[in-house]
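The values are calculated or read from the model by the stated rules, or taken from the named source; none is laboratory data. Here the structure is a predicted model, which is why all the values come from computation and not from measurement. Here the Cβ positions follow ideal geometry from the backbone for every residue, glycine too, while neighbour counts run over all protein chains shown.
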């Protein structure tokens, strides 16, 4: 019995028997063994894959040696991005901002001086376009930064026209109950976020205080005292949150009674928390928008949960996230496009669209109208239509690309967002892939993904499923897989053989690991380009795992290592760019005779491929009735095929032309 051992070089044989889609015809010289790269050149030109590379501008590449990643650094590494099959780049926010990450925007029409100039951006757009790579900007619609000129004017002057740009209230509890807060869209609780005081009088306090929380009545009484101060109760169930992120655990002194005496110092007041790690699920308790009086019981709630302040009078603003990110106000959602804030943000977006950017990534879209799906979808449709109109009037081909970060509990809850936007991030794809790889279970992967896609298709027939492994807000996928290189290679191969628009996150292709436990910076690590060179780490303030950024994980080392993770990404990306069925075909689950093996086929314009992945650490041998295995396109790991029998080594992958 003859057996054939396949690897990526078998593309040469596959090309001989090719019946290609009209858009690209790899020739019969193909291979990735160094003899002839003509098929890769055609794949790069065709750019069928839809692959987008997500990069953090501040930590990707530093062109001038100042420690900050910058736009010129990206331009200098376009060849690298092209080698990953990228058809687009998603840039982290490039606007002026008071933070390193850029999500609290100070000026939506600016390029931060840390990253370069508008001329640098235009140059990047032009040179990327020459490689068939588009540029997507991260655009923050839910909130601006506290240093934004709009907010500065709004908070300092009640008569300022910019007051309408944000969510202000003198009495949040009453205004929410009366339905006066437009961006709650009728909800009585925001689900996330809180009201912050705009000081008009002394709302903070410094001195020794005694706090007595009556949990049965939901009141807190604060008195001035000279009694001895207590340390925090580390095993507390109720916590005082105050000052610059300080927590003090209260002591249980009776049935539903909690107390503590401490030296208090806070410029803004305090809150009560029932969790030290979460703000969600009603774990944050605050006030009613009025100052407390010493010695008098003060009612707390977990709906409006405004800062509990000391005397004075105040106007409050609402922020879904940090207090440095005040929420923007678009008025009643049905007429959001008529609001001043919408028009100002749209004008800023117009500037970048006319400059030549190819799309927008929209941040935190479920919080624009406080997790109210119908309201958010209505807003997003208005926003998309407005930007698409500018795109078309500027000579754009087809429709502008726009993808939303609609992170919901499950795929079914997220699906309605496709009514508002053509594309949304599929968090549930990555969650499912991680779960199945770690369980060594592949036989239901294709049917599960098909179920997601059917849910999305119910809201938009031409939906674009933005699939990814992890991003800048999540622990690294490599961590989730136990930093197992074989599993990481499998994840890469699955991502790049799945239907949809794949996103690769900066460093993922190099096997970067990291968790958010020590700070978000640890999942936003800089690219190590050479074995011995420096990395753009200044923005991260020292929160860099230098042990990870070893010589072996560098781009230089992995480019020279035929067994590297980077090589797997490049090989499967190139194949996706060369074969239209793989890039644009619809998934159809194929029954798998083995629990660890995932099988599906994808077809486009008469071209069909069979995809096989082993999610386990064994070496199953399966029979493929009705499918051929003599035309291998791309593979990873040990793949053996003969006479309708297919053997897959641990975590191996293969794609066969049918």
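A few points about this structure:
- Some residue of segment 187-201 being outside any loop (DSSP other than H, G, I, E, B), more than 39 Å from the chain's Cα centre (by Cα) and surrounded by 14 or more Cβ atoms within 10 Å (Cβ to Cβ): no
Okay, residues lined up against (1) part of a helix (DSSP H, G or I); (2) modelled with pLDDT under 95; (3) closer than 25 Å to residue 92 by Cα; (4) in contact with a strand residue (DSSP E or B) (Cβ under 6 Å, 6 or more places away or on another chain):
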{"position": "533", "(1), (2), (3), (4)": "no, yes, yes, no"}
{"position": "539", "(1), (2), (3), (4)": "yes, no, yes, no"}
{"position": "543", "(1), (2), (3), (4)": "no, no, yes, no"}
{"position": "548", "(1), (2), (3), (4)": "no, no, yes, no"}
{"position": "581", "(1), (2), (3), (4)": "yes, yes, no, yes"}
{"position": "602", "(1), (2), (3), (4)": "no, no, no, yes"}
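- For residue 397: the one exception among (1) modelled with pLDDT under 95; (2) more than 20 Å from the chain's Cα centre (by Cα); (3) crowded, with 17+ Cβ neighbours inside 10 Å: (3)
Residue-wise test of (1) closer than 25 Å to residue 190 by Cβ; (2) assigned to a strand (DSSP E or B); (3) in contact with a strand residue (DSSP E or B) (Cβ under 6 Å, 6 or more places away or on another chain).
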residue	(1), (2), (3)
208	no, yes, yes
229	no, no, yes
236	no, no, yes
280	yes, no, no
294	no, no, yes
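- With respect to (1) closer than 14 Å to residue 546 by Cβ; (2) part of a loop (DSSP other than H, G, I, E, B), the lone exception for residue 497 is condition (1).
- Residues in segment 420-447 that are more than 18 Å from the chain's Cα centre (by Cα) and more than 12 Å from residue 403 (Cα to Cα): 13 in all.
- The listed residue being surrounded by 23 or more Cβ atoms within 10 Å (Cβ to Cβ), modelled with pLDDT of 95 or more and touching a strand residue (DSSP E or B) at 6+ places or on another chain (Cβ under 9 Å), out of 493, 478, 525: 493
- Residue 568 touching a strand residue (DSSP E or B) at 6+ places or on another chain (Cβ under 8 Å) and part of a strand (DSSP E or B): no
- Residue that is touching a residue at least 12 places away in the same chain (Cβ under 8 Å), under 30 Å from residue 299 (Cα atoms) and surrounded by 19 or more Cβ atoms within 10 Å (Cβ to Cβ), where the choices are 144, 169: 169
- Qualifying positions in segment 172-181 - surrounded by fewer than 20 Cβ atoms within 10 Å (Cβ to Cβ) and on the phi < 0 side of the Ramachandran plot: 174, 175, 177, 178, 180
One line per residue, one yes/no per condition, for (1) surrounded by fewer than 23 Cβ atoms within 10 Å (Cβ to Cβ); (2) not assigned by TED's automatic domain parsing to the domain that holds residue 370:
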| residue | (1), (2) |
| --- | --- |
| 86 | no, no |
| 94 | no, no |
| 130 | yes, no |
| 153 | yes, yes |
| 158 | yes, yes |
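- Scanning segment 237-254 for any residue that is exposed (fewer than 15 other Cβ atoms within 10 Å of the Cβ) and either more than 40 Å from the chain's Cα centre (by Cα) or not assigned by TED's automatic domain parsing to the domain that holds residue 171 (or both) turns up at least one such residue.
- Any chance residue 502 is touching a residue at least 24 places away in the same chain (Cβ under 8 Å), out of contact with any strand residue (DSSP E or B) (no Cβ under 9 Å at 6 or more places or on another chain) and at negative phi: no
Residues are listed down the side, and each one gets a yes or a no for (1) touching a residue at least 24 places away in the same chain (Cβ under 8 Å); (2) within 30 Å of residue 277 (Cβ to Cβ); (3) within 19 Å of the chain's Cα centre (by Cα); (4) not assigned by TED's automatic domain parsing to the domain that holds residue 564:
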site	(1), (2), (3), (4)
449	yes, no, no, no
457	no, no, no, no
484	no, yes, no, no
492	yes, no, yes, no
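- Scope segment 366-411; condition in contact with a strand residue (DSSP E or B) (Cβ under 6 Å, 6 or more places away or on another chain) and either in a helix (DSSP H, G or I) or in contact (Cβ under 8 Å) with a residue 60 or more places away in the chain (or both); matching residues: 384, 401, 403
- Candidates 603, 554, 564: the one that is without any contact (Cβ under 8 Å) to a residue 24 or more places away in the chain, touching a helix residue (DSSP H, G or I) at 6+ places or on another chain (Cβ under 9 Å) and under 30 Å from residue 526 (Cα atoms) is 564.
- Count of segment 535-551 residues, restricted to those that are without any contact (Cβ under 8 Å) to a residue 24 or more places away in the chain and surrounded by fewer than 13 Cβ atoms within 10 Å (Cβ to Cβ), is 5.
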